[in-house]
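Note sheet for the following structure.
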Amino acid sequence: MPEIVYDIVEKIAVLSESSKGWTKELNLISWNERDPKYDIREWSPDHEKMGKGITLSEEEAAVLKKALATRDL
């Protein structure tokens with residue numbers, strides 16, 4: 001299995017933290033030296049291990065932002 005290369009370009013927000021210290025984060029990440037995308041996933045405290053997550057393009061993030069803005073959260 002090929003190695004996945006990632007670079008956290010910008011840490012935007014920590015959404016939550018588990019009792020084991022893992023954090024669910026919103027970051028801007030470049031995967032395999034490609035253009036950065038918005039990314040939501042869980043990370044170990046040292047950011048060496050990660051859980052499954054979701055990546056969003058700029059356009060997808062804008063649609064999500066608009067959808068959340070219409071909700072009464």
Net charge (Lys, Arg +1; Asp, Glu -1) of residues whose beta-carbon lies under 14 Å from that of Asp39, Asp39 excluded, is -1
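If a/c stays under 1.5 just call it rounded; otherwise compare a/b with b/c (prolate if a/b is bigger, oblate if not). Do that for the chain, with a ≥ b ≥ c from the square roots of the Cα gyration tensor eigenvalues. All intermediate terms of the calculation are to be shown ahead of the outcome.
Details: a/c = 2.46, a/b = 1.24, b/c = 1.98.
Because a/c hits 1.5 or more and a/b fails to exceed b/c, the chain counts as oblate.
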Size of electric dipole in the chain: Cβ of Lys, Arg +1 and of Asp, Glu -1, about Cα centre, debye, nearest 20
340
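For the chain, which longest stretch is free of loop sites, where a loop site is one of the trypsin sites (Lys or Arg not before Pro) that DSSP puts outside H, G, I, E and B and that has at most 16 other Cβ atoms within 10 Å? Mind dumping the intermediate values first?
On the way: sites that count: Lys20, Arg34, Lys49, Arg71.
With trypsin sites (Lys or Arg not before Pro) excluded where exposed in loops, the chain gives 50-70 as its longest stretch.
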Using only protein heavy atoms and a 1.4 Å probe, report how much of Ile40 is accessible, in Å² to the nearest 10.
50
DSSP-assigned coil residues among GluC sites (Glu not before Pro) in region 8-73, each with at most 16 further Cβ atoms within 10 Å:
Glu33, Glu48
Most positive-pole-ward Cα, Ile29, His47, Ala61, against dipole of region 24-68 from beta carbon charges
Ala61
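Excluding Lys52 itself, calculate the net charge of residues whose Cβ lies under 13 Å from the Cβ of Lys52, where each Lys or Arg counts +1 and each Asp or Glu counts -1. Please report the intermediate quantities before stating the final value.
Numbers: positive: Lys24, Arg41, Lys49; negative: Asp39, Glu42.
Value of the local net charge: +1.
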Using a 1.4 Å probe over the heavy atoms of the protein chains, calculate the carbon and sulfur portion of the accessible area of the chain as a whole percent.
53
Scalar couplings 3J(HN,Hα) for region 59-73 by Karplus 6.51 cos²θ - 1.76 cosθ + 1.60 (θ = phi - 60°), nearest whole Hz, x for Gly and Pro, are 5, 5, 5, 5, 5, 4, 4, 5, 5, 5, 5, 7, 8, 9, 8
Expected unfolding gain across Tyr6-Glu59 under the 0.36 nm per residue rule, minus the alpha-carbon gap, is 17.0 nm
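Would you mind working out the accessible area per residue for the chain, using a 1.4 Å probe, and quoting it in Å²? Please report the intermediate quantities before stating the final value.
Working: 5960 Å² over 73 residues.
On a per-residue basis, 82 Å².
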Calc'd 3J(HN,Hα), region 11-17, phi into Karplus 6.51 cos²θ - 1.76 cosθ + 1.60 (θ = phi - 60°), Hz, glycine/Pro = x, comes to 8, 9, 7, 9, 8, 6, 9
Using each residue's phi in region 45-53, evaluate 6.51 cos²θ - 1.76 cosθ + 1.60 at θ = phi - 60° and report the 3J(HN,Hα) Karplus result to the nearest Hz, with x for Gly and Pro.
x, 8, 6, 8, 10, 9, x, 5, x
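The values are calculated or read from the model by the stated rules, or taken from the named source; none is laboratory data. On a predicted model such as this, the values are computed, not experimentally measured, just so you know. Positions of Cβ are backbone-derived with ideal geometry, glycine not excepted, and every protein chain shown enters the neighbour counts. Heads up: the accessible areas ignore ligands, DNA and RNA and are worked out on the full protein's heavy atoms, side chains in. Shrake-Rupley method; radii C 1.70, N 1.55, O 1.52, S 1.80 Å.
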